[in-house]
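A.B. asks: Right, I'll just put the structure down here and ask away after.
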Amino acid sequence: MKTQSASTSHGPSPALRRYLYATAMVTGGSIMIVEILGAKLLAPYFGTSHFVWTAQITVTLLALAAGYALGGWMADRTQRLGWIYGGILLAAGWLSLVAFACERIAFFCLGQQLALGSLLAAAILFLVPLGSLAMVGPFFVRVLTRELRNIGGSVGRLTSLSTLGSVLGCLLIGYALIPHLPNSTTLLGTAGLLVAIALGYFAIWERQRIPPAVAATLVTAFCGFLAVASPTLRIPAPYHEVARFNSSFGNLQVIDHGDGDYRLYLNDLLVQNTYNPKTGRSTSLFTHMLHGLARSYTTNVNDVLCIGMGVGIVPMQFAKEGARVDVVEINPAVVPVAEKYFGFDPQAVNLAIGDGRHFVMTTTNRYHTVILDAFLGESPPSHLMTREAFAAMRRCLRPDGTLVMNAFGEFRPGRDFLIASLRRTLREVFASVRLHASGNGNVFLVASDRADLQPLRALDMESIPSHLQREAKRAFEGAPTVSDEAGIVLTDDFNPVDFHDAANREEVRRQLAQMTRPR
């Protein structure tokens, strides 16, 4: 069979034209997958704040700008498509290398300030492959257009198909790949698809260039093999990983201590709860404080709403005491983990999968207490800690009800913006607010419409493990002072917590992420 020319005076053949359009769709979808997946890959090390998304979007736009310019420049000098398909192979090889080296690059960049470190990591990992894929569009426009009177149609079709590919890539990564596959598998699968589209071109239209294309493919495959063969997020002895699941809201891990009496639940490397499988009780203070403060400040605890189920320990405490418990949890992947490893019984509560803000704005139920323990990484989601969100929670409470909130913050001057702002915001909605903290980072806020909010009963120390009782007593006694001037009233329209609390969150994430750093 005679090899067809990739570029002739009459333009591409109909078959090649269709192949170029298909390539534009594949590369458009790959760009979107890499952009979204990039932020997910960085999340275990840098978090999910706007800094990380800003870094990823900035690098993506820089890569697209550079790729468009370089692709157009090349198209004016040569229409040899082998250059572009070689660039697609380069992108595939780089993505395979990212799957292998992401952890190492991220730990290297962790030494920098959060905004700079996340930007540097995103640039090292994704600038080259995204730029290489962006070259496809302008180059293909030049190859497909032979007459100026047809340029509008050529650009329109190519741009439309590339955008359609991006739409399909966005839907695929959001609803199918991230919830069901490890991020590294998705990345290597994307690299494999790019290799296939490039090899298909060389095999049909430029067979003389098959040897270097195959060599590039072998390099890509080798990098992919290294990524698969090299375990990431290694756990130091005597701990061992029991389970790992990917989800739309981060990587979920269950880790056991060697003696079997200590279990950890991690989300993107951050410890979310600890548990003793032998006793069936949490070994983390915050679970006992959320339950204990609600019992202490609330007259009756017969109807409970838990916004964020964690691994189900707090909801189960109330349910075992006979309360009717509604639980709203945004991440469905947590439920089977909680059921299998942490003693959660979905039948003991009324479980709703969805966003807590939407739930409190639409429910007609009224509760004696609302437990707000929703965390995205190291911090509560910002849309759940505004004046409007707290007003919706207040509407769900009975007249003498309480809101008990778990936060993670500092009281040091200059680091106290979050706690001061949460208290000021709660005071805009509720008549009284009380703070509790033991100094370990967890801060508990209790809000109610009672004019002079005071505990109605002492904390039940018998229900708290002995090693936590001293810390629980200290937390129950109150918290360090915080100045109202250090914070602002947080609203849906203006909520700059991510920016002002960045130093605290960066410190927490760096410390915890370093615990799993390969030695």
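The values are calculated or read from the model by the stated rules, or taken from the named source; none is laboratory data. Only a predicted model underlies this, so the values are computations on that prediction, with no experimental measurement involved. Every residue, glycine among them, receives a Cβ derived from its backbone with ideal geometry; neighbour counts consider all protein chains shown.
A.B. asks: Test Val314 against the criterion of being over 23 Å from Gly439 (Cβ atoms), at pLDDT 95 or above and within 28 Å of the chain's Cα centre (by Cα), and give yes or no.
C.D. replies: Working: over 23 Å from Gly439 (Cβ atoms): no; at pLDDT 95 or above: yes; within 28 Å of the chain's Cα centre (by Cα): yes.
Taking the combined requirement at face value, the residue does not satisfy it.
A.B. asks: Filter the range 174-210 down to the residues that are surrounded by fewer than 14 Cβ atoms within 10 Å (Cβ to Cβ) and of a type in the set (Ser, Thr, Tyr) and list them by number.
C.D. replies: Within the range 174-210, just Tyr175 meets the criteria.
A.B. asks: Of all residues in the range 107-157, which are at pLDDT 85 or above, within 25 Å of the chain's Cα centre (by Cα) and among the small types (Gly, Ala, Ser)?
C.D. replies: Gly117, Ser118, Ala121, Ala122, Ala123, Gly131 - these are the residues of the range 107-157 that are at pLDDT 85 or above, within 25 Å of the chain's Cα centre (by Cα) and among the small types (Gly, Ala, Ser).
A.B. asks: Has the range 457-478 got any residue that is at pLDDT 95 or above, acidic (Asp, Glu) and closer than 21 Å to Leu403 by Cβ?
C.D. replies: no
A.B. asks: Could you say whether any residue in the range 253-267 is assigned to a helix (DSSP H, G or I), crowded, with 20+ Cβ neighbours inside 10 Å and in contact (Cβ under 8 Å) with a residue 40 or more places away in the chain?
C.D. replies: Checked against the condition, which is being assigned to a helix (DSSP H, G or I), crowded, with 20+ Cβ neighbours inside 10 Å and in contact (Cβ under 8 Å) with a residue 40 or more places away in the chain, the range 253-267 yields no hits at all.
A.B. asks: Just one of Thr163, Thr190, Thr185 is farther than 19 Å from Arg17 by Cβ, at pLDDT 90 or above and of a type in the set (Val, Ile, Thr); which is it?
C.D. replies: It is Thr190.
A.B. asks: Could you go through the range 334-350 and let me know if any residue there is among the polar types (S, T, N, Q), farther than 29 Å from Leu456 by Cα and part of a helix (DSSP H, G or I).
C.D. replies: yes
A.B. asks: A further question on this structure: Give me the residue from the range 317-348 that is within 20 Å of Gly401 (Cα to Cα) and of a type in the set (A, V, I, L, M, F, W, C) and, out of that set, surrounded by the most Cβ atoms within 10 Å (Cβ to Cβ).
C.D. replies: If we take residues in the range 317-348 being within 20 Å of Gly401 (Cα to Cα) and of a type in the set (A, V, I, L, M, F, W, C), then Val327 is surrounded by the most Cβ atoms within 10 Å (Cβ to Cβ).
A.B. asks: Within the range 19-72, track down each residue that is touching a strand residue (DSSP E or B) at 6+ places or on another chain (Cβ under 7 Å) and either in a loop (DSSP other than H, G, I, E, B) or farther than 22 Å from Gly189 by Cα (or both).
C.D. replies: Thr48
A.B. asks: Here is a further query. Of the residues Leu119, Leu171, Leu110, Leu144, only one is closer than 17 Å to Ile33 by Cβ and either in contact (Cβ under 8 Å) with a residue 40 or more places away in the chain or surrounded by fewer than 21 Cβ atoms within 10 Å (Cβ to Cβ) (or both); which?
C.D. replies: Details: Leu119 fails: closer than 17 Å to Ile33 by Cβ; Leu110 fails: closer than 17 Å to Ile33 by Cβ; Leu144 fails: closer than 17 Å to Ile33 by Cβ.
Being closer than 17 Å to Ile33 by Cβ and either in contact (Cβ under 8 Å) with a residue 40 or more places away in the chain or surrounded by fewer than 21 Cβ atoms within 10 Å (Cβ to Cβ) (or both) holds for just one of Leu119, Leu171, Leu110, Leu144, which is Leu171.
A.B. asks: Determine if the range 423-435 includes at least one residue that is over 27 Å from Ala392 (Cα atoms) and surrounded by 14 or more Cβ atoms within 10 Å (Cβ to Cβ).
C.D. replies: Taking every residue of the range 423-435 in turn, none turns out to be over 27 Å from Ala392 (Cα atoms) and surrounded by 14 or more Cβ atoms within 10 Å (Cβ to Cβ).
A.B. asks: Follow-up question, since we're still on this one. Would you point out which residue out of Gly414, Gly439, Gly409 is surrounded by fewer than 23 Cβ atoms within 10 Å (Cβ to Cβ), among the small types (Gly, Ala, Ser) and closer than 30 Å to Asp261 by Cα?
C.D. replies: Values: Gly414 fails: closer than 30 Å to Asp261 by Cα; Gly409 fails: surrounded by fewer than 23 Cβ atoms within 10 Å (Cβ to Cβ).
None of the others qualify; the one that does is Gly439.
A.B. asks: Considering the range 364-392 alone, what residues qualify as being surrounded by fewer than 17 Cβ atoms within 10 Å (Cβ to Cβ), in contact (Cβ under 8 Å) with a residue 40 or more places away in the chain and not in a helix (DSSP H, G or I)?
C.D. replies: Asn365, Arg366
A.B. asks: Look through the range 67-81, keep the residues that are modelled with pLDDT under 90 and under 22 Å from Arg207 (Cα atoms), and return whichever of them is surrounded by the fewest Cβ atoms within 10 Å (Cβ to Cβ).
C.D. replies: Once the filter is applied, the top-ranked residue is Thr78.
A.B. asks: Filter the range 302-311 down to residues that are at pLDDT 95 or above and not in a strand (DSSP E or B), then give me how many there are.
C.D. replies: Taking the range 302-311 first, the residues at pLDDT 95 or above are 302-307.
After this cut, where a residue has to be not in a strand (DSSP E or B) as well, the list is 302.
Residues that pass the stated criteria total 1.
A.B. asks: With the checklist (1) surrounded by fewer than 24 Cβ atoms within 10 Å (Cβ to Cβ); (2) of a type in the set (Gly, Ala, Ser); (3) more than 19 Å from Leu187 (Cα to Cα); (4) at pLDDT 85 or above in hand, flag the one item Ser5 doesn't pass.
C.D. replies: Of the numbered conditions (1) surrounded by fewer than 24 Cβ atoms within 10 Å (Cβ to Cβ); (2) of a type in the set (Gly, Ala, Ser); (3) more than 19 Å from Leu187 (Cα to Cα); (4) at pLDDT 85 or above, the odd one out for Ser5 is (4).
A.B. asks: Please state which one of Ala99, Ala63, Ala92 is at pLDDT 95 or above and within 26 Å of Thr23 (Cβ to Cβ). So that I can check it myself, show each step before the final result.
C.D. replies: Working: Ala99 fails: at pLDDT 95 or above; Ala92 fails: at pLDDT 95 or above.
The match here is Ala63.
A.B. asks: Ala92 versus (1) of a type outside the set (Val, Ile, Thr); (2) part of a helix (DSSP H, G or I); (3) surrounded by fewer than 21 Cβ atoms within 10 Å (Cβ to Cβ); (4) touching a Ser or Thr at 6+ places or on another chain (Cβ under 8 Å): which is the lone unmet condition?
C.D. replies: Result: Ala92 fails condition (3) only.
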